[in-house]
Structure formats: structure tokens, C-alpha cells
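Trainee: Let me give you the structure first, and then I'll get to my questions.
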Amino acid sequence: MATARAHEPVLLDPKGPVITAIASTVGAVLFLGAGGAFVYVTVRTVADLDETGNGWVWAGAGLALAAAFVACVGLSTILFAREERRAALQLAALGVDATALVLAVASAPPTNDYHHQVRLLMRISGPGFEPFECGNEVPKYRFGSATQGTVLPARVNPVTRAFTIERPPVPPAPAAGDA
């Protein structure tokens, strides 16, 4: 008997429509350019199959495979950008306000572009869904001040369990008379 399994929690980093349009444009350029190169190299290789030696056939096959790979990267860039934007819009429309209690903080390896990260283990709870725990790596410059017990504002889609978290609240500045 099959049982319905709850969706795995996913931390979203919502991108705006401009970032989505740029990512889709870059993906389209990669897809169309490499797709055209793939077609040209494949046709040229097949047409020259009998006239040239094996050197061109292998080089043409290698170029065609490289062009096909770049075209697949372009297509996946388009699809990923659109899916991410759709999930962000769905979260904005269907999401409920929640809280994320930080259970543990640990260092994480830096990203490819050398942004330092921290790993947060959080318990997300709110109205309309069962509380869940999730561990995610987040940028240190945004969440480096989070400690165990910090409560972060969150927004959760109760159906898909996709969520966003906001920076920890800034502590109030001490008043002039509090010396």
C-alpha cells in the first residue's frame, strides 16, 4: 500500500523578475548558439564522412558532443530560472508567516565565489502545517549573527514546504542614559 510522503523542505532564495529574465536570456543564447553549432557540425561531419580521414570525423564528433552539452546547459538554465521564479511566486501567494528557531549554528565551506557560509539547523513552525526541522547553508554576511535560540521570521508554503527566512532582527541601540 502506497503512502503519501511529505515534501522535503526547501529553502528558497527568491529572485526578482529581472534576474529571472537575465538568466533565461543567457540560457537562450547558450541553447540557440550551441544548438546551431551542434546542427552545423553534425551535418558537416556526416557530409564529409567519405571525403576526409578519420581525423575530421572524430574532431567533428567531439565538437558536436561539446556543443550538445552546452545546449543542454542553456536549456537547463532556462528551466531552472523559470521553476525557481514559479516557486517564489507560489510562496508569495500561498505562504503563511512562520518562525524559524535556530537550533544549532556551524561553519560551512565557502561557495565557489568565496562567500563564507554558516550552516543553520532550524525548527520551522507556524499555522497550517506540521513543524519541521531543516538544515541549510546560508551566507555568513546575512546570517552570521544568528546564534542558538535566535528566532528568525520565515514564510512557508504549507503544501510544498518551501520556505524563506529573513535576517535576524537587529538588537536595539543602547540609549544615551544606559551607560
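Trainee: Give me the distance between the Cα centres of the stretch 42-72 and the stretch 89-143, rounded to whole Å.
Mentor: One Cα centre to the other: 47 Å.
Trainee: Name the residues whose placed amide hydrogens come within less than 5 Å of the amide hydrogen of G135, ignoring near sequence neighbours (fewer than 5 apart) on the same chain.
Mentor: When sequence neighbours closer than 5 places are left aside, the close amide H contacts are M122.
Trainee: Continuing with the same structure: Whole-Hz ³J(HN,Hα) for each residue in the stretch 150-159, computed from phi via Karplus 6.51 cos²θ - 1.76 cosθ + 1.60 with θ = phi - 60°, x for glycine and proline: what do you get?
Mentor: 5, 9, 9, x, 9, 9, 10, 8, x, 7
Trainee: At 222 nm, what value in deg cm²/dmol follows for the chain if DSSP H runs of at least 4 each add -39500 (n - 2.57) and the sum is divided by all its residues, to the nearest 500?
Mentor: -15000 deg cm²/dmol
Trainee: Hey, another quick one. Any idea what angle helix 17-47 forms with the longest principal axis of the chain, computed on alpha-carbon atoms, 0 to 90 degrees, nearest 10?
Mentor: For 17-47 against the chain, the angle is about 20 degrees.
Trainee: If you don't mind, there's one more thing I want to ask. Pop out the carbon and sulfur fraction of the accessible area of the chain as a percent, whole number, probe 1.4 Å. Don't skip to the end; give the middle numbers.
Mentor: Values: 7630 of 11720 Å².
Ligands and nucleic acids excluded, carbon and sulfur reach 65 percent.
Trainee: Using θ = phi - 60° and the Karplus form 6.51 cos²θ - 1.76 cosθ + 1.60, what ³J(HN,Hα) does each residue of the stretch 110-120 get, whole Hz, x for Gly and Pro?
Mentor: These are the phi-based 3J(HN,Hα) values: x, 6, 4, 9, 6, 7, 6, 10, 10, 9, 10 Hz.
Trainee: Helix 54-94 against the longest principal axis of the chain: what's the angle in degrees, Cα atoms only, rounded to the nearest 10?
Mentor: In the chain, helix 54-94 runs at an angle near 30 degrees to the longest axis.
Trainee: For the stretch 69-179, what is the accessible area per residue in Å² when the probe is 1.4 Å?
Mentor: 62
The values are calculated or read from the model by the stated rules, or taken from the named source; none is laboratory data. Just so it is clear, the model here is predicted, and its values are computed rather than measured. Remember, those area values only see protein heavy atoms, side chains included, never the ligands or the DNA or RNA. Shrake-Rupley method; radii C 1.70, N 1.55, O 1.52, S 1.80 Å.
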